[in-house]
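Step one of this worksheet: look at the structure below.
The values are calculated or read from the model by the stated rules, or taken from the named source; none is laboratory data. What you see is a predicted model, and the numbers here were worked out from it, not measured in a lab. Neighbour counts are summed over all protein chains in view; Cβ atoms, including those assigned to glycine, are modelled from backbone coordinates with ideal geometry.
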Amino acid sequence: MERLRTESGRIPGYRRSMTLFAVTTAKGANWDHARSIREQRLWDDHAAFMDGLTERGVVILGGPIDSDDADDIALLAVEAPDEAAARAVFDADPWTRHQVYRVKEIRAWTIWLDSRPG
């Protein structure tokens, strides 16, 4: 079976490789273990901050993850020029400033398969 291609020969849904950063967040010193994620202190401020990053195209996608480490919270795909910039994105987050969560790990991630349009 032959793959469908556009007039340019491009396979629909394929983008050139694009480097993003996979960012894992984890519970910080002020995480309240008696509360759910949306009941944490400053949830509304954190959610508004993250919505802003998403609207600006800095956070491509993200959300809570299952993990063997009970402190892990979320995995996010972040577009930034380098690792330092990806880390700096979270400096203004109310949850970072108030140690509700922290950036645990940042890894360069080269995307070869992407079904988003464009």
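Can you tell me which of (1) modelled with pLDDT of 95 or more; (2) among the hydrophobic types (A, V, I, L, M, F, W, C); (3) touching a helix residue (DSSP H, G or I) at 6+ places or on another chain (Cβ under 6 Å); (4) part of a loop (DSSP other than H, G, I, E, B) is the one residue 21 doesn't meet? Result: residue 21 passes all but (4). Which residues, taken from the range 97-110, are outside any loop (DSSP other than H, G, I, E, B) and in contact (Cβ under 8 Å) with a residue 40 or more places away in the chain? Of everything in the range 97-110, those that are outside any loop (DSSP other than H, G, I, E, B) and in contact (Cβ under 8 Å) with a residue 40 or more places away in the chain turn out to be 101, 102, 103, 104, 105, 106, 107, 108, 109, 110.
Filtering the range 82-112 to residues that are out of contact with any strand residue (DSSP E or B) (no Cβ under 7 Å at 6 or more places or on another chain) and within 15 Å of residue 22 (Cα to Cα) leaves 82, 84, 85, 88, 112. Under the condition of being hydroxyl-bearing (Ser, Thr, Tyr) and within 19 Å of residue 81 (Cα to Cα), the residues counted in the range 104-118 number 1.
Being under 16 Å from residue 28 (Cβ atoms) and of a type in the set (D, E, K, R) is a description that does not apply to residue 116.
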